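Here is the structure we will look at.
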Amino acid sequence: NGLILLWKFLRDRPKLKVNPVHPDIYQWFFELPSREFEGHPTRRFGFLLYVGIINKGLRDVALDSWRLYLKTRGGWWLECRPVSIPEPIYEVGKTKNMKVFPVLGQRTLHHKGDTMIKSGGSISGFVYYVAELWGHEDWNPLIKDDKVTCKIHVKSIFGRKSQARVTLAKKELVEVEKIIPDIEKIDYP
């Protein structure tokens, strides 16, 4: 009986898969204005991703965390936590029609912000991360050809993890502010 229960548990467990949505369009990094920390100037970078998470298992599951890991010029991995942002609003072509995007795990006027993923279902949304660095330049993100390669890690409340590599293209802050006004002023913990 114990083996059958174990087999059913392993068979029915949630299986998460995270992927960037439109990897060549909505995955960006940008430089933010510098600030001061203990009398030293800092270098700030913003990372904006649009991700989708699928539950391929037979059990419903909620998300516990979604973190971004950046490779630095010195070869270390830097962990970033998500920051709350208002809903991104994007003009579709030159039609004056606006599309409002969800923010992962955040309730807004237009989206519920649920982190519960039903069996066979999926959720998607924008996620914003900030890296503020000071000191040696080796802590800066590894930028090659105006692109940064990073990993996004998603963890369920049951401890199951999923990760995906994401390539972020460089975007000017002015263009990002057209989608999320005053993004440079958003404070983070």
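Among 59, 73, 35, 107, which is in contact with a Pro (Cβ under 9 Å, 6 or more places away or on another chain), more than 19 Å from residue 179 (Cβ to Cβ) and loosely packed, with under 13 Cβ neighbours inside 10 Å? Walk me through it before giving the result.
Values: 59 fails: loosely packed, with under 13 Cβ neighbours inside 10 Å; 73 fails: loosely packed, with under 13 Cβ neighbours inside 10 Å; 107 fails: in contact with a Pro (Cβ under 9 Å, 6 or more places away or on another chain).
Unique residue meeting the criteria: 35.
Working only within region 145-189, note down all residues that are among the small types (Gly, Ala, Ser) and surrounded by fewer than 17 Cβ atoms within 10 Å (Cβ to Cβ).
The initial filter retains those residues of region 145-189 that are among the small types (Gly, Ala, Ser), namely 156, 159, 162, 164, 169.
Selection gives 159, 169.
Given the residues 92, 103, which is the only one that is modelled with pLDDT under 90 and under 30 Å from residue 144 (Cα atoms)? Step through it out loud before you land on a result.
On the way: 103 fails: modelled with pLDDT under 90.
Step by step, each of 92, 103 is checked, and only 92 is modelled with pLDDT under 90 and under 30 Å from residue 144 (Cα atoms).
Taking region 179-189, which residues are of a type outside the set (Val, Ile, Thr) and either free of Cβ contacts under 8 Å to residues at least 60 places away in the same chain or not in a helix (DSSP H, G or I) (or both)?
Filtering region 179-189 down to residues of a type outside the set (Val, Ile, Thr) leaves 181-182, 184-185, 187-189.
181, 182, 185, 187, 188, 189 - these are the residues of region 179-189 that are of a type outside the set (Val, Ile, Thr) and either free of Cβ contacts under 8 Å to residues at least 60 places away in the same chain or not in a helix (DSSP H, G or I) (or both).
Within region 134-141, identify whether any single residue is under 15 Å from the mean Cα position of the chain (by Cα) and open to solvent by 20 Å² or more (accessible area, probe 1.4 Å), and answer yes or no. Don't jump to the end; show me each part of the working.
As a first pass, look at region 134-141 and keep what is under 15 Å from the mean Cα position of the chain (by Cα): none.
Within region 134-141 (the criterion being under 15 Å from the mean Cα position of the chain (by Cα) and open to solvent by 20 Å² or more (accessible area, probe 1.4 Å)), the answer is no, since none of the residues qualifies.
Restricting attention to region 2-54, which residues are outside any helix (DSSP H, G or I), at negative phi and among the charged types (D, E, K, R)?
Of the residues in region 2-54, the ones outside any helix (DSSP H, G or I) are 13-54.
Next, from what is left, pick out any that are at negative phi: 13-21, 23-37, 40-54.
Hits for region 2-54 are 13, 15, 17, 24, 31, 35, 36, 43, 44.
Which condition does residue 79 not pass, out of (1) under 19 Å from the mean Cα position of the chain (by Cα); (2) in contact (Cβ under 8 Å) with a residue 24 or more places away in the chain, if it passes all the others?
(2)
For region 77-104, which positions are of a type in the set (A, V, I, L, M, F, W, C) and surrounded by 12 or more Cβ atoms within 10 Å (Cβ to Cβ)? Working first, answer last.
Just the residues of region 77-104 that are of a type in the set (A, V, I, L, M, F, W, C), to begin with: 77-78, 80, 83, 85, 89, 92, 98, 100-101, 103-104.
Matches in region 77-104: 78, 80, 83, 85, 89, 100, 101, 103, 104.
Please name all residue pairs, on different chains or six or more residues apart, with Cβ atoms under 7 Å, provided the first residue is in region 113-128 and is touching a residue at least 24 places away in the same chain (Cβ under 8 Å) and part of a strand (DSSP E or B) and the second residue is open to solvent by 10 Å² or more (accessible area, probe 1.4 Å) and among the small types (Gly, Ala, Ser).
116/62; 122/52; 124/52
The values are calculated or read from the model by the stated rules, or taken from the named source; none is laboratory data. Nothing here was measured: the structure is a model prediction, and the numbers come from that model. All Cβ positions, glycine included, derive from the backbone under ideal geometry; neighbour counts span all protein chains shown. Heavy atoms of the whole protein, side chains included, go into the accessibility calculation; ligands, DNA and RNA do not. Shrake-Rupley method; radii C 1.70, N 1.55, O 1.52, S 1.80 Å.
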